[in-house]
Structure formats: structure tokens, C-alpha cells
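Okay, so here's the structure we're looking at.
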Amino acid sequence: MAEQNIPLEIVYQDHAHPNEIETIREGIIEEAVKANMGRMSPYHLFVKNAKARIVAGAIGYTMYGLLYIDMLWVDPEFRNRGLGTKLVCAAENLGRERKCTFACLVTMSWQALPLYRRLGYYIEYERLGFENNTIMYLLRKPLV
């Protein structure tokens, strides 16, 4: 029987195996290559204490000339020490090394909007309608 004729189902999972996630990522990369686009490349930046415990980090990816900062977190015990600024700057430097021309990120109104604005990001888009009247901001910054 041809695979196209086998019934398919959508399977919900709270957690996916890294190989499952990589299957999706590689599928997108293959399509990008066909469109003559560059590769999507993830990055992971961590700040660790002397016991190798992660106290801060930034995770994201670069793709098609974009540095995307997907997640930035600093343990509350280590905030106000400049770690968020250092992580954003490290991500931006990595983006420049990977030939990105701009950076983009999303933050909520209760998160780090003032930090990103101080670092030169500007609001490109606001999305309303979240719980507790929260606003989502799409921020952008040129890297060249």
C-alpha cells in the first residue's frame, strides 16, 4: 500500500524528543535551501556559576539575515548585575559573525521592555488581547 493512502493522525505531545524537533527544523531548512536561502542555525548562550548551574541564558537562532532572540532569562537572584545586557550583546555579536543585518525579539509588557529599549531596540509591532491586558511587543534593531 502506498504511504499516501495510510490514514494520518495529529498527535499532541507536551514534550518532544530532540530528534522530533530536529525533523521539523531540517524540513524547513531543506525548503529554504531550495529557495536559495541560508541555513537556520540555533544558538545557546549560558551564564553558569562555579557549580555549573545555569543562572542566566539566551536561546534563539539566526536565519536569512536575522538574529532572533527567542528566550532570555536571568535568575531573580542574579538580576541587576548586567547579565541580561551581556547576553543580548553576545547574541548580537554572534549575529554579526553570522552576517545578520538585524535582530528581532518578542517581549511582553511585564517583561524586559525597558532593557531592550536601552539597548537600541524599537517597537515594530504591538499585539493586544492577552490576559490581564498584557501587550506583546515585537522589537527590532539593526546590526549593521
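Bear in mind these aren't lab numbers, they're just calculated from the coordinates by the rules spelled out. Just so you know, these numbers come straight off a predicted model, no measurement behind them. Note: ideal-geometry Cβ built from the backbone for every residue, glycine included; neighbour counts use all protein chains shown.
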Check your understanding: Using alpha carbons only, how many degrees (0 to 90, rounded to 10) separate the axis of helix 18-34 from the longest principal axis of the chain?
Key -> 80 degrees
Check your understanding: Between Asp75 and residues 5 or more places away or on another chain, which pairs have amide H atoms under 5 Å apart, with H built 1.01 Å from N, and which residues are they?
Key -> Ala56
Practice item. Treating the Cα atoms of the chain as identical point scatterers in vacuum, please give the log10 of the normalised Debye intensity I(q)/I(0) at q = 0.09, 0.14, 0.16, 0.19 Å⁻¹, two decimals. Key: -0.38, -0.84, -1.02, -1.25
Review point. In a shell of Cβ-Cβ distance under 13 Å around Arg98, excluding Arg98 itself, what net charge do Lys and Arg (+1) and Asp and Glu (-1) give?
Key: +1
Study note, to complete from the structure: Total charge of the residues flanking Asn80 in space, meaning their Cβ is under 15 Å from its Cβ, with Lys and Arg +1 and Asp and Glu -1, is +2
Point to revise | Net charge over other residues, Cβ less than 13 angstrom from the Cβ of Tyr137 (K, R count +1; D, E count -1) | key: +2
Exercise for review: Report, in deg cm²/dmol and to the nearest 500, the calculated mean residue ellipticity at 222 nm for the chain, where each DSSP H run with n ≥ 4 adds -39500 (n - 2.57) and the sum is divided by the residue count.
Suggested key: -8500 deg cm²/dmol
Check your understanding: Expressed as a rounded percentage, what relative contact order does the chain have, with Cα pairs under 8 Å and six or more residues apart?
Key -> 16 percent
